[in-house]
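This report refers to the structure that appears directly beneath it.
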Amino acid sequence: MIALNDNGFVGGVPKELGRLSMLKRLYIYRNQLDGTIPKELGDCRSAIEIDFSENRLAGTIPGELGRIQTLRLLHLFENRLQGRIPPELGRLSLLRRIDLSINNLTGTIPLEFDNLTSLEYLQLFNNNLYGAIPPMLGANSNLSVLDLSDNRLSGSIPSHLCEDQKLIFLSLGSNELVGNIPRGVKTCKSLVQLRLGGNLLTGSLPIELSALQNLSALEMDQNRFSGPIPPEIGKFKSIERLLLSNNYFLGQLPPEIGELTELVSFNISSNQLSGPIPRELANCTKLQRLDLSRNRFSGFVPVEIGNLVNLELLKLSGNNLNGSIPSSLRSLFRLTELQMGGNRFSGHIPVELGQLTALQIALNLSYNSLDGEIPTQLGNLHLLEFLYLNDNQLEGEVPASFSELSSLLVCNLSYNNLVGSLPNIPLFQKLDNSNFLGNIGLCGMRTKPCEPISLPSSNSPAIWAKKDASREKIVSIASFVVGIVSLFLTAAVCWSLKRRTPNLPSNEDRKQNVSGPYYLLKEQITYQELLEATGNFSESAVIGRGACGTVYKAVMYDGSLIAVKKIKAQGEGSNIDSSFRAEISTLGNVRHRNIVKLYGFCSYQDSNLILYEYMANGSLGKLLHGDKEVCMLDWDARYRIALGAAEGLRYLHCDCKPQIVHRDIKSNNILLDEAMEAHVGDFGLAKLIDISHSKTMSAVAGSYGYIAPEYAFTMKVTEKCDIYSLGVILLELVTGQPPIQPLEKGGDLVNWVRRLMQNAAPQSEIFDSRLDLSSKSTIEEMSLVLKIALFCTSESPLDRPTMREVISMLVDARVSSSSDIPSSPTSETAFDEETTSFKGKIQR
């Protein structure tokens, strides 16, 4: 075996490797190789696994690889390979896994792939492949994962993909496929995820899929499906993710939708559905994302919607809904985005909306018929970034409490009947005047300052008017002169600064230098200002160090605090290294209260800077392990940190598309704000993947003590690796011990705890002695969290829970420990069933 992975090797793959006729495993993934794959590798006739993924390899895939009859795994994903897929690969009868995704491959999928009788995983997504999918693909193999998404494939979906009923994951999204879903797919009992979004498929919603007991995700969005939503939709008992948006579905949404009790994400936007929103939808209490926008729904919003307490996103905009906005929405305390614009809502804005303090992304009530005054309680939405109240009939003054909306980026109040002066906050002075148009009595904008109230003088009106006219002429002339002088001075200063110091990049700069959307600071900050704010990046300003860079505390000129991460560029002439790219591309695309907020970034000379939210209490690792005698974190704080970190991780795994795997979850990367709320940070190793089966990442990354056992052996990166790392953090919170232990104690925290459990050690030996353990409820809660931690750190990734299950168990742990009534048999049984796998391991 040759394992040269995770280094900084450059150049090409040496052709001399072809002389190693007895070589079985060749791993050179995650380097910076930029040559071609030598055809001489075809002489490695004993090779079982070859992995060159995550490099910069160019050229074509040599057909000579088809001579390695022993080959079982071929990973070439995430390179710059071009040309066609060699049909010679179809000769590899033992080949089980082939991943050529994220390249620039063209041509068709070889018909010879029908002959790969051992094939289990085939992943070709994110290429430029065209033509039809081989019609007999899957007919002669044990295919379990097939991902051909994001290509230009055409024709119909083959009917034999699930011939042996072993297909678990099928992703054909973002192609040009036509026709109906074949019966062979609709009756595939093993199917767990079916992703067909972004094609030209037709037909109705197939009720046959309701018989698939394992189906948890169905994505049919952005196609040409039509017809009504049948009542049989209530039979999709296991479905968690149901995406039907951007089709031609019509009729009413049947009340049977309320029978989908496992449903977490439901999007049926941009169809032609009409009638009322069924109140039975409130029975789907696990819902976190609900999008019914851009349809023709009418009637009132059911007050029962307030029962969906796990909702994080609610979109009802662009319908014909009327009546008042229900005050029951106050129960949606996890809501981060509420879109209700473009309807016919009337009455006052409920003051209860001010209780939705988790609202961060947007509150949109625009284009309705709302009247009355703007509730002052909206000033409680301190995290809110976008507020749209425009095009209503609101009256009165803008509440002074809006000065508390410190996170606000956009506030559109136009076309109402508002009067008086705007609150004197910087945002209103910077916003374009279009945000306030149509309010005749409103003043305080940049272009319309409020006039001071004048007291009557003893002079006559004529004399007063004459003096006022003279004053206006003087002011006009003076303003003109000052304006010209200021213009020249501003131009000179800007020219000077532009030569000396860089600003955060503009939109055009970002397009040229880095790909993907990024968020910039509300105000531009120059490199010179960062130097001053950090004392020229002095040691006294250092608040953290890591493998990817150093973090500094920056005290800005207005007293505000931000964190500045300084990353040394890797290699001469490189402005943005891979860690820098990973962090800004990940943080720039996510928004969640438990994820560190990105403020901006810039590159200057040999350094890359990332500016993000300052965390007053530093890292969890420092607080837990900084002082062995005293710890300021009591158990209640630790529990809330555990839940917050889990919520942030759940968002990355479940709500981001593509899915984000952090790959370096550890206590030092859990940052705490002044309220001790947890925020997941340091995304220097983060990766975007589609699902656990959709892409194998051959890169052992992370920190010792937190790395899942399968990571180094299977080289497969999944969300279950993050869950293992979170389990280690839970163990840290319970035991107070660091993740690395002496060899005589097992070498790491997981082994240490399991040994103690196996030897029936008393709780006093396991639990952190710095905690107050006098409370029975605390002991019970810690015991339950310990079980959850062991569940998360199960040796087999298949035995580990999902992040949704982790959160559910954490919530249940607090409910169970705080209740005087014993837990019901149902909840106890559910927990026991989920933890059976790790209990058996502990007893051995």
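Table for the structure above
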| read-out | value |
| --- | --- |
| Amide H partners (placed H, <5 Å) of Phe345, local residues excluded | Ser369 |
| Segment 727-783, Rg to Rh (Cα coordinates; Rh as Kirkwood inverse mean 1/r) | 0.96 |
| Protection proxy ranking of 418-431, 245-258 - average other beta-carbon atoms within 10 Å, highest first | 245-258, 418-431 |
| More than 19 Å apart - percent of Cα-Cα pairs taken over segment 1-105 | 35 |
| Fewest-first ranking of Leu20, Leu143, Leu26, using other Cβ atoms within 10 Å as the exposure measure | Leu20, Leu26, Leu143 |
| Size descriptor, Kirkwood hydrodynamic radius, that averages inverse alpha-carbon separations across segment 281-406, Å | 14.4 |
| Segments 408-415, 311-318 sorted - mean Cβ within 10 Å per residue, highest first | 311-318, 408-415 |
| Backbone HN-Hα couplings from phi across segment 364-373 [Karplus 6.51/-1.76/1.60, Hz, Gly and Pro as x] | 10, 10, 5, 6, 10, 10, 6, 10, x, 8 |
| Residue-span extension gain [Leu437 to Arg755] - 0.36 nm each, minus C-alpha spacing | 107.6 nm |
| Model label zone, Thr106; criterion: amide N under 12 Å from point 7 Å along Cα-to-beta-carbon; scope segment 115-145 | 128-130 |
| Per-residue HN-Hα couplings for segment 76-84 [Karplus 6.51, -1.76, 1.60; θ = phi - 60°; Hz; x = Gly/Pro] | 10, 5, 6, 10, 10, 5, 10, x, 8 |
| Charge dipole (debye, nearest 20) of segment 1-105; +1 at Cβ of Lys and Arg, -1 at Cβ of Asp and Glu | 300 |
| Per-bin percent of Cα-Cα distances, segment 160-262 [10 Å] | 16, 51, 31, 2 |
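Every read-out reported here was derived from the displayed coordinates using simple, explicitly stated rules and does not represent laboratory data. It should be emphasised that the depicted structure is a prediction, and the values quoted were computed from it without experimental measurement. Reconstructed Cβ throughout: ideal geometry from the backbone, glycine too, with neighbour counts over all protein chains shown.
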